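The values are calculated or read from the model by the stated rules, or taken from the named source; none is laboratory data. From a predicted model like this one, the values you see are computed outputs, not experimental measurements. Cβ sites come from the backbone with ideal geometry, for glycine too, and all protein chains shown count toward neighbours.
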Amino acid sequence: MFAKWIVRAPMIPKVRRIRSMAATLCSLAVLSATAAVSTAHADEIDQTAAATMELGSVVSSHGFAAGWGGIESARFIEYVTEGPTGAPTRATGILATPDGTPPADGWPVVAWTHGTTGLGPTCGISTNAKADAPHVRRLLDRGYAVVAPDYVGLGPGAATVHPYLQSRTEATATVDLVRAARRAEPALAQRWAVAGVSQGGHAALNTGNIADRYAPELDFRGTAAFAPPSNIEKIFTLAGPYVPTVSGFDGLTATFAAVLDGVRLGAPEAVAAVLTPTGADALARIDRRCEPEWKAAVAGITVGSMLNRPVAGSPLADAITRYMQVPTSGYRQPLFIAHGSADRDVPIPITHVLLAQFKDAGTQYEFRTYDADHGGIVEAAWPDVLSFVTRVLAPA
């Protein structure tokens, strides 16, 4: 696994000081199912227009001409949120409402944050309903309205590339879609929760951490995360030219390129300083491709060949940490995490480390394991997650 090549790699002083953490996170590198990459483009909408737009404002809203996953009530929403540098940008997502008459105080809302779909404007959930529509339908059937963000850069007309695994924009895109949905549909309640899987689990944790501070006008109730990647930045900061080729880890190159390409939206000099021409080529090859194309796009490129120096000790190490770190404190509402014991894409030791960090920080949480792999975790944990959502969204 990943830890083996860390042990064999030449030990430089900066790496030696964090070797114990690498040993603890022995399985973190197997993230081939959660990768994306893109090249840097302008991320702001016209600033004259942006100055008049409030975060969560609706730019446009309409139904789907061909439907969305068989859900007739689903509609497309384009709205204003934060871009990768913090400037306003446009993002997209869906809103779906249950059949029938809403309760007197409105339908409570669940934000569904999806797993990795790609990195370009044709890869988001609004244009690819197949994987997520069944989950949305089941929430609708229980009387919840559902919003699902594409994430920044993944929807039609995106003004920026997708900043893959950027904690801040995953969270703000989710909260601002809830705001926009309530403006587009008055029958939505103020109370809401978030649930998501894989990349969406990462997004859910980050959303739950900022929700009630970022949008105090809403009534945020809780977070459910299925198999969330975390602590990956600690592995990426160990990378350097000495990283050997490891059989079975072809997807790691795309994952690493994805993160670097997102980081360079806000810290271009830090990324450029460590990339070889091969590394720059890896980022260019995978630009705006959807997930099925990633592995072939970077075939023949290794993590070691992408770097001209160790990441540890460079400005990039801090930039990566700020970009993708999952907070371990500051959660003020209930938190539920589900993980499969047979997960090889986001191995369960990742979450065990995160839970230890939660404990050290005094963060309260619920955690359950399931006899499931990455692809099966939603089905395995769904009854427990639905019970959690029902509990936290109950009227006060």
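Find the residue count for region 89-102, including only residues that are touching a residue at least 12 places away in the same chain (Cβ under 8 Å) and either in a loop (DSSP other than H, G, I, E, B) or not assigned by TED's automatic domain parsing to the domain that holds Pro156 (or both).
Going residue by residue through region 89-102, those that are touching a residue at least 12 places away in the same chain (Cβ under 8 Å) are 89-99, 102.
Right, trim to either in a loop (DSSP other than H, G, I, E, B) or not assigned by TED's automatic domain parsing to the domain that holds Pro156 (or both) and you get 97-99, 102.
Residues meeting the conditions: 4.
Yes/no matrix, rows are residues, columns are (1) out of contact with any strand residue (DSSP E or B) (no Cβ under 9 Å at 6 or more places or on another chain); (2) under 17 Å from Ala184 (Cα atoms); (3) in contact (Cβ under 8 Å) with a residue 40 or more places away in the chain:
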{"residue": "Met53", "(1), (2), (3)": "no, yes, no"}
{"residue": "Gly56", "(1), (2), (3)": "no, yes, yes"}
{"residue": "His62", "(1), (2), (3)": "no, yes, no"}
{"residue": "Ala87", "(1), (2), (3)": "yes, no, yes"}
{"residue": "Ala104", "(1), (2), (3)": "yes, no, no"}
{"residue": "Trp107", "(1), (2), (3)": "no, yes, yes"}
{"residue": "Val110", "(1), (2), (3)": "no, yes, yes"}
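Could you tell me whether region 293-312 includes any residue that is among the basic types (Lys, Arg), within 26 Å of Gly208 (Cβ to Cβ) and surrounded by fewer than 21 Cβ atoms within 10 Å (Cβ to Cβ)?
Let us first name the residues in region 293-312 that are among the basic types (Lys, Arg), namely 295, 309.
Narrowing the set further to residues that are within 26 Å of Gly208 (Cβ to Cβ) leaves none.
Within region 293-312 (the criterion being among the basic types (Lys, Arg), within 26 Å of Gly208 (Cβ to Cβ) and surrounded by fewer than 21 Cβ atoms within 10 Å (Cβ to Cβ)), the answer is no, since none of the residues qualifies.
Restricting attention to region 204-235, report how many residues are of a type in the set (Phe, Trp, Tyr) and either crowded, with 24+ Cβ neighbours inside 10 Å or assigned to a loop (DSSP other than H, G, I, E, B) (or both).
Initial filter on region 204-235 (of a type in the set (Phe, Trp, Tyr)): 214, 220, 226.
With either crowded, with 24+ Cβ neighbours inside 10 Å or assigned to a loop (DSSP other than H, G, I, E, B) (or both) added as a condition, the list becomes 220, 226.
Looking only at that region, the number is 2.
Residues are listed down the side, and each one gets a yes or a no for (1) under 24 Å from Val326 (Cα atoms); (2) buried (at least 24 other Cβ atoms within 10 Å of the Cβ); (3) among the aromatic types (Phe, Trp, Tyr):
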| site | (1), (2), (3) |
| --- | --- |
| Gly124 | yes, yes, no |
| Pro134 | no, no, no |
| Arg138 | no, no, no |
| Ala145 | no, yes, no |
| Leu165 | yes, yes, no |
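Which condition from (1) at pLDDT 95 or above; (2) part of a helix (DSSP H, G or I); (3) among the acidic types (Asp, Glu); (4) out of contact with any Phe, Trp or Tyr (no Cβ under 7 Å at 6 or more places or on another chain) is the one that Asp261 breaks?
(1)
Determine which single condition Gly279 fails, assuming it passes every other condition in (1) surrounded by fewer than 21 Cβ atoms within 10 Å (Cβ to Cβ); (2) without any contact (Cβ under 8 Å) to a residue 40 or more places away in the chain; (3) not in a loop (DSSP other than H, G, I, E, B).
So Gly279 meets the others, but not (1).
Quick check on my filter: what residues within region 74-108 are on the phi > 0 side of the Ramachandran plot and more than 18 Å from the chain's Cα centre (by Cα)?
Listed by number, the residues that qualify are Gly100, Gly106.
Could we say that Glu291 is closer than 30 Å to Thr369 by Cβ and either touching a helix residue (DSSP H, G or I) at 6+ places or on another chain (Cβ under 8 Å) or of a type outside the set (D, E, K, R) (or both) here?
On the way: closer than 30 Å to Thr369 by Cβ: yes; either touching a helix residue (DSSP H, G or I) at 6+ places or on another chain (Cβ under 8 Å) or of a type outside the set (D, E, K, R) (or both): no.
No; evaluated as a whole, the condition is false for this residue.
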